[in-house]
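Notes to accompany the following structure.
We did not get these values from a lab; they are worked out from the coordinates using the rules stated. All values reported here derive from a predicted model rather than from experimental measurement. Every residue, glycine among them, receives a Cβ derived from its backbone with ideal geometry; neighbour counts consider all protein chains shown.
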């Protein structure tokens, strides 16, 4: 998958990415940026759900890792770690995944999720295994 192919991808209807309102702004092997609305992704107390931040982080890291994987290969998440620093209650959060390691079999990305004021909501790290796509 080239950087251009990754940018052209739109989530199919009914995917988690679609349901959560995640939009990709930039995708390359080195970095991916996307947004997600707080509304609709909150826990019962009105705060952005930590799981929603994790979904955004894994989505962005996975898109970047897939751009790195290249033709005939895919990236699959094997570990995700998130630290939640503060809450968000409104607006749109922005996530930025930055490559830490881009190897032949493993790729790791640091992901920062920020609130509309640029304050860090979540720090995450995603590691993906790079595998060959099976025919069929």
Could you give me the radius of gyration and the Dmax of region 74-116, taking only the C-alpha atoms into account and expressing both in angstrom? 13.1, 40
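Kindly give Rg over Rh for the chain, based on alpha-carbon atoms, with the Kirkwood expression for the hydrodynamic radius.
On the way: Rg = 14.5 Å, Rh = 14.8 Å.
On the Cα set of the chain, Rg over Rh gives 0.98.
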Using mean Cβ contacts within 10 Å as the protection proxy, how do 18-27, 64-73 order, highest first? 64-73, 18-27
Report, to the nearest 10°, how far helix 50-69 tilts away from the longest principal axis of the Cα atoms in the chain, using its own Cα long axis and a range of 0 to 90°. 20
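Hey, fewest Cβ within 10 Å first, where do 114, 58 land in order?
Working: 114 17, 58 22.
Going from sparsest to densest Cβ surroundings: 114, 58.
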Obtain the nm distance between the two label points defined at residue 134 and residue 100 by a simple spin-label model: each point lies 7 Å from its Cα along the Cα-to-C-beta direction. 2.9
